[in-house]
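Shown next, in structure tokens, is the structure this report addresses.
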Amino acid sequence: MCGIIGIVGRQAVAAELYDALTILQHRGQDAAGIATLDGNHIHLRKRSGLVRDVFSAEDMLSLRGNVGIGHVRYPTAGLDDSSEAQPFYVNSPYGIALGHNGNLINAAELKQALFDSDRRHLNTESDSEVLLNVLAHEIQVQNPERLAPRHVFAAVDAVHRRCRGAYSVIAAICGHGVLGFRDPHGIRPAVLGVREGSLGPEYAIASESVALDVLGFELLRDLGPGEAVFIDLNGRLHCHASPLAQRLTPCIFEHVYFARPDSMLDDISVYKARLRMGKALARKILRERPDHDIDVVIPVPDTSRTAALPLAYDLRAKYREGLMKNRYIGRTFIMPGQEQRRKSVRQKLSPVELEFRGKNVLLVDDSIVRGTTSRQIIQMARDAGARKVYFASASPPVRFPNIYGIDMPATAELIASGRKEREVEELLGADWLIYQELPDLIESCRKGNSRIEEFDTSCFSGEYVTGVPRDYLQALEAQRGDDVRAQRRSERTIQLAS
């Protein structure tokens, strides 16, 4: 999962891109980058690290121009090399810088075709570089005397024909403007905003509406499935509805975990969706144990707070902040390496013992993936003196790999894969484990926008809206295991030392 932002403004945009990336930092803590257009030049700065660490004051001064794009990176498909930082840049045609949120499931085939037929060379293993070169080739194929929006949109439609998977893309085309587009199923999010100024309208495209809010842009709408928008250097907005668009099937895990609660995605309030998740969980608990003995509901900060509050209210139990968070530790779900995740849980959370001692505690989290964090938190609650420890997940069991840009572990490392819920309960060490029902999760989100008939729920259901070759899943398994990642990091360390 990554965060993207693009602005076509009337004054220097580097500082605003920086501010937007800090707001989108939750979507990726691995690397960050900004590219700005300055006349016929593209200025680019990117490297591994948090936004605040990547850009110095000198960098910001060098990122000149009224037009630019930014990206925060979270490693996907097993890739965790610093060379994968975005935006990527290619000099032909025109000079294009691109940032991508998502994952292509046919990247290997495309890479071979780019080399054999398109005569393009790639420097990394990133599917984002593949997507950039496909886009660049298709723009070049248009071969216009002067590039116009219709040529750009024809190239995007060609990208849709060639690329399979999930992608929200933002690209700066030197001398022309900024392009944004969304995959034909609309799996990954993208929103469009406008800000009226004395010199004329300014436009922005971002992964989440909260980035627009902070910069003072008014949210116009979400990009539709397969839709492309192009903002030229004169600040004119051009839109294109692709004939290849499919039914909108956005990723439901955005609402469960990734998106900020103050964002609107596809006309759905993430905050309201999470409130409804909590109420749905409460209904399930009251059905199964109407005479429950829960004394206190404690959320695992931060994502689950919104669901935990209505859950506690409907159960008529106390709500308490019993786990204190060290905000200088990253999100454990997206940390590379099991050992690093294990260490970080104790560094990240500490219990308020008075809220646990002698009580039957219901811990609430947004999801359970590997189970490493959940197991440690349950033990932490017992060590703090809890009489009983129940654990509730605001989402269903994660049993299948996500192939659309969420770098979940190998299937064998998903604690719920191939196991019944009571088996997971035993492995976690909980006195009772409660999972959200998938229909309830879907309804919690869909209630915000009844026009959405289906979500991508693949990590819960194993149903992939784009279809997926079996050999792709097998190859992904080989990339995603913690042992494999550790071996890759060891090999890179040796290469750097030699």
Modelled label reach - Glu288, point 7 Å along Cα→Cβ, region 390-410 residues with backbone N closer than 12 Å = 390-397
Cα radius of gyration and Dmax for region 1-145 (Å) = 15.1, 43
remark   = Filtered hits (lysines, Cα-Cα < 23 Å from Lys420, offset >= 8 within chain) -> Lys284, Lys388
remark   = Computed over the chain, the relative contact order (Cα-Cα under 8 Å, seq sep at least six) in percent reads 13 percent
key: region 1-48, dipole about Cα centre (Lys/Arg Cβ +1, Asp/Glu Cβ -1), debye to the nearest 20   = 100 debye
inquiry  = If you take every residue apart from Ala148 with its C-beta less than 13 Å away from the C-beta of Ala148, what net charge results, scoring Lys and Arg +1 and Asp and Glu -1?
reply    = +1
ask   = Going by how many other Cβ atoms sit within 10 Å of their own, how do Val468, Val72, Val256 line up, fewest first?
value = Val468, Val256, Val72
Rg/Rh ratio calculated on Cα atoms of region 3-246 (Kirkwood radius) = 0.93
Mean separation of Cα contacts under 8 Å (6+ apart) over length of region 1-84, as relative contact order % = 43 percent
query = Which value does Rg/Rh take for the chain over its C-alpha atoms, Rh per Kirkwood?
reply = 0.98
query = Taking 0.36 nm per residue of separation and subtracting the Cα-Cα distance, what length does fully extending Ser56 through Arg399 add?
reply = 119.3 nm
inquiry  = In the chain, if the dipole is taken from +1 on Lys/Arg beta carbons and -1 on Asp/Glu beta carbons about the Cα centre, which of Leu286, Asn360, Ser83 is farthest to the positive end?
reply    = Asn360
key: Amide H contacts under 5 Å for Leu223, placed H, 5+ residues apart   = Ala190, Val191, Leu192
request  = Could you give the size of the charge dipole of the chain about its Cα centre, using +1 on the Cβ of each K and R and -1 on the Cβ of each D and E, expressed in debye and rounded to the nearest 20?
outcome  = 900 debye
message = Between Ala241 and Ser417, what's the calculated FRET efficiency when r is the beta-carbon distance and R0 is 41 Å? Round to 0.05.
response = 0.60
query = For the peptides 234-242, 56-64, what is the packing order when you average, over each peptide's residues, the other Cβ atoms within 10 Å and list the highest mean first?
reply = 234-242, 56-64
task = Sort 40-50, 148-158 for me by packing, meaning the mean count of neighbouring Cβ atoms within 10 Å per residue, highest on top.
result = 148-158, 40-50
query = Peptides 88-98, 412-422: what's the order by average Cβ count within 10 Å, highest mean first?
reply = 88-98, 412-422
request  = Grab the other residues whose beta carbon is less than 14 angstrom from that of His121, score K and R as +1, D and E as -1, and report the net.
outcome  = -1
query = How do Ser83, Ser126, Ser393, Ser269 rank when sorted from fewest to most other Cβ atoms within 10 Å of their own Cβ?
reply = Ser83, Ser269, Ser126, Ser393
ask   = Label-point separation (nm) for Arg451 and Ala113, each offset 7 Å from Cα along Cα-to-Cβ?
value = 3.1 nm
note = Given unit charges at Cβ for Lys, Arg (+) and Asp, Glu (-), the dipole magnitude of region 3-246 about its Cα centre in debye, nearest 20, is 360 debye
ask   = Can you list residues whose amide H is under 5 Å from Asp456's amide H, if they're 5+ apart or on another chain and H is modeled 1.01 Å from N?
value = Cys251, Ile252
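Bear in mind these aren't lab numbers, they're just calculated from the coordinates by the rules spelled out. Keep in mind it's a predicted model, so treat the numbers as computed, not measured. FYI the Cβ positions are ideal-geometry reconstructions off the backbone, even for glycines, and counts take in every protein chain you see.
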